[in-house]
Amino acid sequence: MKRYDVIIVGTGPSGIFAAWELISSNSGIKILMLDKGGSLSERVEKTKEGVHRAKTEEPDVISCGWGGAGAFSDGKLNLSPEVGGFLKEYIDGKTLLSLIEYVDKIYLKFGAPDELHGTEINQIKDLEDEALRYGLRFIPFPIRHLGTDRCIPVLGGFLASLKDNVEFRPHTEVEEVLFNETPMPLRGTKEDENPSPLPSPFRGEGWAGDGLEVKGVRTGSGEDIQGDFVIVAPGRSGAQWLEKESRRLGLTTLTNPVDIGVRIEAPAPVMKNLTDVAYEAKLVFYSKQFDDQVRTFCMNPYGEVVREYHGDLCLVNGHSYSTKRSNNTNFAILVSTVFTEPFREPIAYGRYIARLANLLGGEIIVQRLGDLLQGRRSTTERIKRGTVRPTLIDATPGDLSFVIPYRYVCDIIEMLQAMDNLTPGLYARDTLLYGVEAKFYSMRLKLTSFFETGIRNLFAIGDGAGITRGLIQASVSGVVAAREILQRI
């Protein structure tokens with residue numbers, strides 16, 4: 001059985017930053033990184049005809065492999081503890097902000113642009129005050145925008161810096177985490193030097209489990225690989241695997257919300273009031289009829305609406321480039337639902353709705369807002385004569401009300417009405433809605449403040465562990481886990 005000091009399962013941002021932090025502090029550490037996806041060069045080659053324009057023979061090429069889903073994302077670095085995850089529930093605010101600044105400097109080192117958006121304090125305050133008048137909460141934060149075209153070079157820089165000190169095995173799926181039943185003292189006593197700063201039902205108070213210790217992983221081919229420490233960072237595409245493993249290992253989990261909605265596309269000038277000030281405007285709204293939380297997500301000024309494959313499931317998403325521009329701005333409107341007992345399958349619920357859209361529309365359905373309000377499906381002819389030219393040109397005109405639950409449709413319409421006060425012309429008959437957009441956030445594992453699970457020396461980080469929702473906080477989680485491991489080696 002081969003042995004490594006640290007095995008990292010997943011090579012997205014959290015896994016990459018864990019490896020970077022380990023190597024930067026101790027280049028002698030023997031590290032193995034495993035991913036079921038391909039190398040960066042393979043992924044680029046397979047998507048050279050267009051990342052999202054056509055379904056590839058391997059749909060996981062978009063979400064798996066070196067760089068994770070971030071490789072073909074819009075590349076937004078949200079530099080605030082308030083967005084992109086739940087790390088403020090594990091790390092005090094001052095420390096978290098310092099960690100965000102630390103990982104931001106590393107991104108800059110590898111080619112992220114110097115320009116920051118969302119820093120015009122007076123304009124931001126005016127927008128925040130205006131939003132409150134219409135029941136909207138505007139969340140201001142600085143953002144560094146890589147753009148889809150810059151993500152690959154940045155990730156290539158990380159790969160070049162790590163390849164001499166880290167072994168990377170693509171196309172290697174991990175089947176199981178291996179462990180020993182070894183009695184050991186519990187953490188969380190007075191000798192614990194890193195207690196959890198804030199109370200949270202998702203976080204253990206620095207414990208190490210019930211006498212279990214990690215010893216490695218087993219791959220899909222049956223190979224056992226020994227590791228003193230294992231970091232699981234499978235990303236959203238590995239959420240179901242990690243949930244299954246958590247049940248097998250007896251780890252405590254809690255259910256995260258599921259976000260379901262649509263992607264909105266409107267003329268870029270209509271959205272300038274928001275995008276010129278904030279670039280990405282995070283707005284939160286509670287609907288009047290159902291009191292559901294509704295929010296905007298992933299705003300892309302002058303961007304494109306694109307497909308996103310999750311295995312055989314096709315969802316809608318959006319991105320923008322740092323140089324190339326369209327005439328439109330797109331963003332998601334998502335309704336967050338936290339299911340209560342006895343239902344504990346929010347991901348399955350979200351996938352069911354998305355699969356229904358794929359069934360009715362082939363893959364992605366597009367509908368004019370005016371047609372939705374009139375209770376009729378859109379047609380190619382009505383979309384063509386509209387003022388908004390779709391950037392996802394082969395989406396199928398249809399009727400989203402046959403797919404999305406009634407209460408969610410009502411929530412989305414209310415959100416658009418409220419936003420129209422900030423961006424006049426958004427609540428217009430030619431505004432386009434694409435569906436379905438869904439975010440399958442993993443169940444949240446019960447973790448210590450340094451992201452150790454109930455099995456000693458087994459850490460879980462990033463979006464796959466349910467604790468982050470974006471590049472920056474995912475990267476921070478990798479740094480935190482790595483620093484704890486460095487103290488133990």
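The values are calculated or read from the model by the stated rules, or taken from the named source; none is laboratory data. Keep in mind it's a predicted model, so treat the numbers as computed, not measured. Note: ideal-geometry Cβ built from the backbone for every residue, glycine included; neighbour counts use all protein chains shown.
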**Asked** Taking the condition in contact with a helix residue (DSSP H, G or I) (Cβ under 6 Å, 6 or more places away or on another chain) and either crowded, with 19+ Cβ neighbours inside 10 Å or on the phi < 0 side of the Ramachandran plot (or both), does residue 179 pass?
**Response** no
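Quick check: anything in the stretch 405-414 among the hydroxyl-bearing types (Ser, Thr, Tyr), at pLDDT 95 or above and in contact with a strand residue (DSSP E or B) (Cβ under 8 Å, 6 or more places away or on another chain)?
Looking through the stretch 405-414, at least one residue is among the hydroxyl-bearing types (Ser, Thr, Tyr), at pLDDT 95 or above and in contact with a strand residue (DSSP E or B) (Cβ under 8 Å, 6 or more places away or on another chain).
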**Item:** Cβ-Cβ under 7 Å pairs, at least 6 apart or on other chains, the stretch 123-142 side in a helix (DSSP H, G or I), far side among the aliphatic types (A, V, I, L, M)
**Value:** 123/277; 124/277; 124/278; 127/277; 127/278; 130/422; 131/283; 131/422
**Message:** Need the failing condition index for residue 228 against (1) more than 17 Å from the chain's Cα centre (by Cα); (2) at pLDDT 95 or above; (3) farther than 25 Å from residue 37 by Cα, just the number.
**Reply:** (3)
**Message:** Quick check on the stretch 198-216. Is at least one of its residues modelled with pLDDT of 80 or more, part of a loop (DSSP other than H, G, I, E, B), more than 25 Å from the chain's Cα centre (by Cα) and not assigned by TED's automatic domain parsing to the domain that holds residue 365?
**Reply:** no
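This table checks each residue for (1) part of a helix (DSSP H, G or I); (2) modelled with pLDDT under 95; (3) within 24 Å of residue 436 (Cα to Cα).
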| residue | (1), (2), (3) |
| --- | --- |
| 242 | yes, yes, no |
| 246 | yes, yes, no |
| 251 | no, yes, no |
| 264 | no, no, yes |
| 277 | yes, yes, no |
**Item:** Hey, residue 237 modelled with pLDDT of 90 or more and of a type outside the set (A, V, I, L, M, F, W, C) or not
**Value:** no
**Prompt:** Is at least one residue of the stretch 44-61 under 30 Å from residue 484 (Cβ atoms), at pLDDT below 95 and not small (Gly, Ala, Ser)?
**Reply:** no
**Message:** Name the single residue that is farthest from the chain's Cα centre (by Cα) among those in the stretch 32-48 being within 23 Å of residue 239 (Cα to Cα) and among the hydrophobic types (A, V, I, L, M, F, W, C).
**Reply:** 32
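Can you name every residue in the stretch 300-336 that is assigned to a strand (DSSP E or B) and in contact with a helix residue (DSSP H, G or I) (Cβ under 7 Å, 6 or more places away or on another chain)?
309, 310, 313, 314, 315, 319, 328, 329, 333, 335
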**Request:** Just give me the residues in the stretch 458-478 being in contact with a Lys or Arg (Cβ under 8 Å, 6 or more places away or on another chain) and either assigned to a helix (DSSP H, G or I) or of a type in the set (Asp, Glu) (or both), in sequence order.
**Result:** 463, 464, 465, 471
**Request:** Within the stretch 372-379, identify whether any single residue is assigned to a loop (DSSP other than H, G, I, E, B), small (Gly, Ala, Ser), surrounded by 22 or more Cβ atoms within 10 Å (Cβ to Cβ) and at pLDDT 95 or above, and answer yes or no.
**Result:** yes
**Message:** Looking at the structure I just gave you, is residue 262 surrounded by 18 or more Cβ atoms within 10 Å (Cβ to Cβ), closer than 30 Å to residue 419 by Cβ and touching a residue at least 40 places away in the same chain (Cβ under 8 Å)?
**Reply:** yes
**Asked** Within the stretch 386-407, can one find any residue that is of a type in the set (Gly, Ala, Ser) and in a helix (DSSP H, G or I)?
**Response** yes
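Of all residues being touching a residue at least 60 places away in the same chain (Cβ under 8 Å) and charged (D, E, K, R) in the stretch 300-353, which is surrounded by the most Cβ atoms within 10 Å (Cβ to Cβ)? Just the residue, please.
Step by step, filter the stretch 300-353, then rank; the result is 304.
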**Subset of the stretch 408-445 [surrounded by 23 or more Cβ atoms within 10 Å (Cβ to Cβ), in a strand (DSSP E or B) and not aliphatic (A, V, I, L, M)]** = 434, 435, 437
**Asked** Tell me, which residue of the stretch 283-297 that is part of a strand (DSSP E or B) and not hydrophobic (A, V, I, L, M, F, W, C) is surrounded by the most Cβ atoms within 10 Å (Cβ to Cβ)?
**Response** 296
**Request:** Check whether at least one residue in the stretch 448-456 is within 22 Å of residue 255 (Cα to Cα) and outside any loop (DSSP other than H, G, I, E, B), and report yes or no.
**Result:** yes
**Request:** Give the residue that is surrounded by the most Cβ atoms within 10 Å (Cβ to Cβ), with candidates limited to residues of the stretch 75-110 that are modelled with pLDDT of 95 or more and of a type in the set (Lys, Arg).
**Result:** 88
**Request:** Test residue 287 against the stated conditions and say whether it is touching a residue at least 40 places away in the same chain (Cβ under 8 Å), within 17 Å of residue 268 (Cα to Cα) and outside the structural domain of residue 71 (by TED's automatic domain parsing).
**Result:** no
